[in-house]
Structures are given as structure tokens and as C-alpha cells.
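The block underneath contains the structure these notes are about, expressed in C-alpha cells.
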Amino acid sequence: MPLDRAALDALRSDARALLPDTAALRHALHRTPETGLELPRTQALVLEALEPLGLEVSTGTGLSSVVAVLRGARPGPAVLLRADMDALPVTEESGEPFASEVPGAMHACGHDLHVAGLVAAARLLAARREEIAGSVVLMFQPGEEGDHGARLMIAEGVLDAAGERVVAAYGLHVLSAILPTGAITSRPGTLLAAADTVHVTVHGRGGHGSMPHLALDPVPVAAEIVLALQAMVTRQFDVFDPVVVTVGRIEAGTTDNVIPADARIEATVRTFSEAVHGLVPERVARVCEGVAAAHGLSVTVDYRRGYPVTSNRPEEADRVARLAGGLFGERSYVTAPQPLAGSEDFAYVLEQVPGAYLGVGATPADLDPRTAPYNHSAHARFEDGALAVGPAVLAALALDRLAEG
Ligand SMILES: [Zn+2]
């Protein structure tokens, strides 16, 4: 039985009633941001906020995560709701009255709203324990910004924290621009890209700039590799399942008349399907090795896999759309016309279990969503009003999925 109108109306009004408390927690988190995998102050605030709810709470060993299991009154499956908790190494210039008090750290990606929002969702669900058949795993995750925190929490058992594998997982991200506050977006299939890194070293032999035939010059080979990678993107991959390769760093030599012994290239590689994500490392290596071999040089290719593609199950994206519309009206939900080229480590969770990731607009009312400073900017601001929306959607997703049994 999907959630009925009365249940959705109650979730909406209860989330709104919690808003002052939710915003106060968010402001406390925002003042004391922490980066990376060790977030002791953040962890303490989460533990304190969850304390009255009577959950089964545990903390991570390799990172300062919090996992809380909420048991319903009756047995049933388990679902997972996730919030990332880490800040960015940015010095805040937002002008907010609750701005960061830590130089060089800022909640510039809105993860403070995710944490406070998941606490609010826990409160909404704890108040409905009698109606719940099953369990909800609350995943408070450090280290989203490049530290693979979700993968580490999976290794520590978060997906089985309720005593059995969760049957679905949901998470959201707030946006300080693009969408007005309260607007909700997602899409079936790929929502976010996979982001890999490749470091290439071209090995040559140094020599005098006047006599290149006595050396093995790595510089023209490196230049040819940069261009060959672009030809690879357009000639070897479907334009409708694209690859982006951007060489962001290239380095060789010390002066104009000395041929250096080697040259280095660093690139980011974005892909939008796991099929292409799987093909790219070998093809990049083949291009680099082939170009170098054509000139009698060799290369070392160090291909580093980043976060996988974040992909929503179609039926779970449909659930997001239905519940968002039911809670806040049909016009509150926008199907994203195409994936975004950013990446997100909730992808590791969605590789293991069905689920969905969604975006919630948090553009301040005094700014234009088209021009407001975006996530990661030192000027980014996030509207507290989004905290009346995200928790209601997360709680509704958990209740609706659990009601399916
Ligand atoms: Zn983020």
C-alpha cells in the first residue's frame, strides 16, 4: 500500500513544525565544519541529537561515521537513508550570521543540511514507529569529498546494520543554485557521472636541444597524446554515451635548450554508464602506449578509478517523483533532462542495492537560481526552508518502500 494523502500531509506538516529545531542543528554544524574522514565534533552533535530517539547507534572504527537503526513495531525489511557530513577546505565568505568559525573549512556543499535533515527524518520516523513494519538504517557518512567514505562504511557493514541487507537506499543533495528552494529533481538511470583520474608519464631520453636525433624527446609525444585522447573520445565512443577527458596538467623540462628525460600529463575522465566506465582505462592506456611506441618511447599509465556512476533504478526514481508530487504538489518535482557531470560516492551504495538519489533546491529567496553562487563556492548560501522539504521526502521514501514489504 503506497502512502496515502493523510500520511503525506502529516509528514509535510510535521517536518515544517520541526523546522526551527532542524535549522538550529544545521547552524551549529555550519559553525564548526570538519573535512575528511575524521569529524569528531560533527559526530558528537549527531549522537547528541539522536540520543532521545531510542535508536540502536554505533560508530565507525576507520572513520567517524554514525549508524543508527530504527526498529519499527513489526518485523519487515530494512531500508537505508544516507547523509554525508564533511565540509570543504574553503574559507567562508557567505556573510551568513552562522558562518564557519573555522578558518579554511566551510560547509560549502550543504552537507550540514544533509545531516540536520537526516536527524529530522529520524524524528519523523521515530514518531511513526507503531506504523512501521521493518527497520530504517540511518547512515551518517564522513569523507564524501574525495575520500570514499561510503565505500569505507560499506566495508564496515552499514548495508547489513539492521541484521539483514537493506532492500533500498535513498539520499539527497541540496543545491544553492539552479533550483528554487523546495524544488525536487531526479531522473531514472544515470544521475551523476563517474570521475576517474589518469596520470601518464612519457619516458624518453634527455639530450641537447640542438641534436634531438641523439635523444628521445618526450615533449612532442606528450603533446600528441593530449590530442589523440580527444580523437579517442569522438571516434571510439558513442556520442549518446559520452566520455569527457580533460588534461588539466602537463609538465616537462626546465629550460628551452635541454630535451627533458620525461613528461607528465594528468587528466580527469568523466563517464556516464558503467559499460563505458569499464572500457575507458584500457583504451586510454592503448592510446598513450601506441603514440609513444610510434616514436620509440614508452609510457607509464597510472589510471585511478574515482566514484562510479550514480544510477537510479527507474521504479525508485518513479517513487521519488510520486512522493514529491504528493507532498508538495506536482509542480515541485522536475525530471532532470540529462545527467550532471559531477560525481558522488553514494554511487557505491546504489551499486549494491536499488534506490535513488535526488536533488533539493535550496537557493536563498533573495537570489536568482540562475546566477546564485553554486555549491563549493566560498559565497554559497543555502536556504533553511529546504529543511522542511528534504526530511519529509526521505521519511516518505522509507515509509512507502517499507509498506511494500
Ligand atoms: Zn556535496
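The values are calculated or read from the model by the stated rules, or taken from the named source; none is laboratory data. All of these numbers come straight from a predicted model, not from anything done at the bench. Using ideal geometry, Cβ is built from the backbone for each residue, glycine included, and neighbour counts are taken over all protein chains shown.
Going by the structure shown, is residue 293 outside any loop (DSSP other than H, G, I, E, B) and either touching a residue at least 12 places away in the same chain (Cβ under 8 Å) or of a type outside the set (Gly, Ala, Ser) (or both)?
Numbers: outside any loop (DSSP other than H, G, I, E, B): yes; either touching a residue at least 12 places away in the same chain (Cβ under 8 Å) or of a type outside the set (Gly, Ala, Ser) (or both): no.
The answer is no for residue 293.
Pick from 194, 223: which is over 23 Å from residue 87 (Cβ atoms), surrounded by 22 or more Cβ atoms within 10 Å (Cβ to Cβ) and modelled with pLDDT of 95 or more?
Working: 223 fails: surrounded by 22 or more Cβ atoms within 10 Å (Cβ to Cβ).
Going through 194, 223 in turn, the sole match is 194.
Hey, could you check segment 356-404 for residues that are in a strand (DSSP E or B) and β-branched (Val, Ile, Thr) and say which is farthest from the ligand (Cβ to nearest atom)? Break it down stepwise before answering.
So the first thing to find is which residues in segment 356-404 are in a strand (DSSP E or B), and the list is 356-363.
Now restrict to residues that are β-branched (Val, Ile, Thr): 360, 363.
Working: 360: 12, 363: 16 Å.
Ranking the candidates gives 363 first.
Of the numbered conditions (1) in a loop (DSSP other than H, G, I, E, B); (2) within 14 Å of the ligand (Cβ to nearest atom); (3) at pLDDT 95 or above, residue 98 fails exactly one; give the number of that condition.
Result: residue 98 fails condition (2) only.
Please enumerate the residues belonging to segment 329-355 that are in a strand (DSSP E or B), modelled with pLDDT of 95 or more and either in contact with a Pro (Cβ under 8 Å, 6 or more places away or on another chain) or hydrophobic (A, V, I, L, M, F, W, C) (or both). Spell out how you get there, then give the answer.
If we filter segment 329-355 for residues that are in a strand (DSSP E or B), which is where we start, we get 333-335, 340, 355.
Cutting the leftovers down to modelled with pLDDT of 95 or more gives us 333-335, 355.
Matches in segment 329-355: 334 only.
For the subset of segment 324-355 comprising residues that are of a type in the set (Gly, Ala, Ser) and closer than 30 Å to residue 99 by Cβ, which member is farthest from the ligand (Cβ to nearest atom)? First the steps, then the outcome.
Step one: list which residues in segment 324-355 are of a type in the set (Gly, Ala, Ser), which gives 324-326, 329, 332, 336, 341-343, 347, 355.
Cutting the leftovers down to closer than 30 Å to residue 99 by Cβ gives us 332, 341-343.
Details: 332: 22, 341: 14, 342: 8, 343: 10 Å.
Ranking the candidates gives 332 first.
Among the listed residues 264, 313, 286, which satisfies the condition of being without any contact (Cβ under 8 Å) to a residue 12 or more places away in the chain and not small (Gly, Ala, Ser)? If you could, list the steps in order and put the result at the bottom.
Details: 264 fails: without any contact (Cβ under 8 Å) to a residue 12 or more places away in the chain; 313 fails: without any contact (Cβ under 8 Å) to a residue 12 or more places away in the chain.
Every option except 286 fails the conditions.
Restricting to segment 249-266, give me the number of residues that are within 14 Å of residue 222 (Cβ to Cβ) and either within 30 Å of the chain's Cα centre (by Cα) or in a loop (DSSP other than H, G, I, E, B) (or both).
Keep residues of segment 249-266 that are within 14 Å of residue 222 (Cβ to Cβ), which gives 249-253, 259-266.
Checking which are either within 30 Å of the chain's Cα centre (by Cα) or in a loop (DSSP other than H, G, I, E, B) (or both) leaves us with 249-250, 253, 260-261, 264-266.
Total satisfying the criteria: 8.
Conditions: (1) within 21 Å of residue 304 (Cβ to Cβ); (2) of a type in the set (Gly, Ala, Ser); (3) within 16 Å of the ligand (Cβ to nearest atom); (4) surrounded by fewer than 24 Cβ atoms within 10 Å (Cβ to Cβ). Residue 177 meets all but one. Number of the miss?
It is condition (1) that residue 177 fails.
Does segment 182-190 include one or more residues that are touching a strand residue (DSSP E or B) at 6+ places or on another chain (Cβ under 7 Å), in a strand (DSSP E or B), among the hydroxyl-bearing types (Ser, Thr, Tyr) and more than 16 Å from the ligand (Cβ to nearest atom)? Walk me through it before giving the result.
So the first thing to find is which residues in segment 182-190 are touching a strand residue (DSSP E or B) at 6+ places or on another chain (Cβ under 7 Å), and the list is 182-190.
Add one more test, that the residue is in a strand (DSSP E or B), and what stays is 184-186, 189-190.
Now drop any that are not among the hydroxyl-bearing types (Ser, Thr, Tyr), which leaves 185-186, 190.
Within this subset, residues satisfying the condition of being more than 16 Å from the ligand (Cβ to nearest atom) are 190.
Yes, segment 182-190 contains a residue that is touching a strand residue (DSSP E or B) at 6+ places or on another chain (Cβ under 7 Å), in a strand (DSSP E or B), among the hydroxyl-bearing types (Ser, Thr, Tyr) and more than 16 Å from the ligand (Cβ to nearest atom).
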